[in-house]
Amino acid sequence: MSDSVRHRVVQLGCALPEVIADESHEPHVAFRVGSKNFAWYVENEHGDCRVALLARVPPGENAALVATDGERFALPKYVARHGYVSYYLDLPHRPVDWAEVTELLADSYRLQAPKRLVRQLDGPEKSTGAHERREPSS
């Protein structure tokens with residue numbers, strides 16, 4: 001797989017607030033916010049000869065993604081039960097959808113990052129748990 005794909009995934013992951021890309025287990029890259037991993041770039045993970053992004057998704061969504069597009073998505077060994085999905089980056093006849101990769105990384109980040117960083121990413125209009133001030137009714 002081209003180094004440019006790996007480089008682009010690392011750039012997208014590191015564009016999120018306070019993300020560290022741990023490249024100590026090359027060719028894999030772990031993306032961490034605080035002490036929590038939220039995604040991995042992997043090559044030949046467990047001998048599968050594939051290149052993929054592993055990202056966490058909301059409960060049940062990983063199986064739904066695989067059911068929708070089993071060529072692009074798969075359930076990764078060991079971490080699928082924790083809500084992770086594999087997004088294959090190496091399909092020869094289908095280019096990588098970089099908007100989808102960006103969305104997977106951001107959504108996975110939102111699931112693992114501290115709320116203050118999620119608010120920083122989303123801005124005040126999208127943050128959850130924000131209270132609106134209501135005027136007392138007359």
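The values are calculated or read from the model by the stated rules, or taken from the named source; none is laboratory data. What you are looking at is a predicted structure, and each value in this text was computed from that prediction instead of being measured. Cβ placement follows ideal geometry from the backbone for every residue including glycine, while neighbour counts extend to all protein chains displayed.
Key figures
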| read-out | value |
| --- | --- |
| Where ALA74 falls short, out of the listed (1) without any contact (Cβ under 8 Å) to a residue 40 or more places away in the chain; (2) within 13 Å of LEU111 (Cβ to Cβ) | (2) |
| Condition check for ALA74: exposed (fewer than 15 other Cβ atoms within 10 Å of the Cβ) and under 20 Å from TRP98 (Cα atoms) | no |
| Positions within segment 56-86 being among the hydroxyl-bearing types (Ser, Thr, Tyr) and closer than 19 Å to GLY13 by Cα, in sequence order | TYR84, SER86 |
| Filter result for PRO17 (free of Cβ contacts under 8 Å to residues at least 60 places away in the same chain, closer than 21 Å to LEU117 by Cα and in contact with a helix residue (DSSP H, G or I) (Cβ under 9 Å, 6 or more places away or on another chain)) | no |
| Condition met for VAL79 (surrounded by 15 or more Cβ atoms within 10 Å (Cβ to Cβ) and within 12 Å of the chain's Cα centre (by Cα)) | no |
| Subset of segment 6-42 (residues that are under 15 Å from the mean Cα position of the chain (by Cα) and part of a helix (DSSP H, G or I)) | ARG6, ARG8, VAL9, VAL10, GLN11, LEU12, GLY13, CYS14 |
| Positions within segment 45-68 being surrounded by fewer than 12 Cβ atoms within 10 Å (Cβ to Cβ) and free of Cβ contacts under 8 Å to residues at least 12 places away in the same chain, in sequence order | GLY47, CYS49, GLY60, ALA67, THR68 |
| Among (1) under 13 Å from the mean Cα position of the chain (by Cα); (2) closer than 14 Å to ASP107 by Cβ; (3) outside any loop (DSSP other than H, G, I, E, B), the one test that ALA64 misses | (1) |
| Which listed residue is within 19 Å of GLY13 (Cα to Cα), in contact with a Leu (Cβ under 7 Å, 6 or more places away or on another chain) and modelled with pLDDT under 95, from LEU89, LEU104, LEU121, LEU53 | LEU121 |
| Subset of segment 85-125 that is free of Cβ contacts under 8 Å to residues at least 60 places away in the same chain and surrounded by 15 or more Cβ atoms within 10 Å (Cβ to Cβ) - its residue that is nearest to the chain's Cα centre (by Cα) | ASP107 |
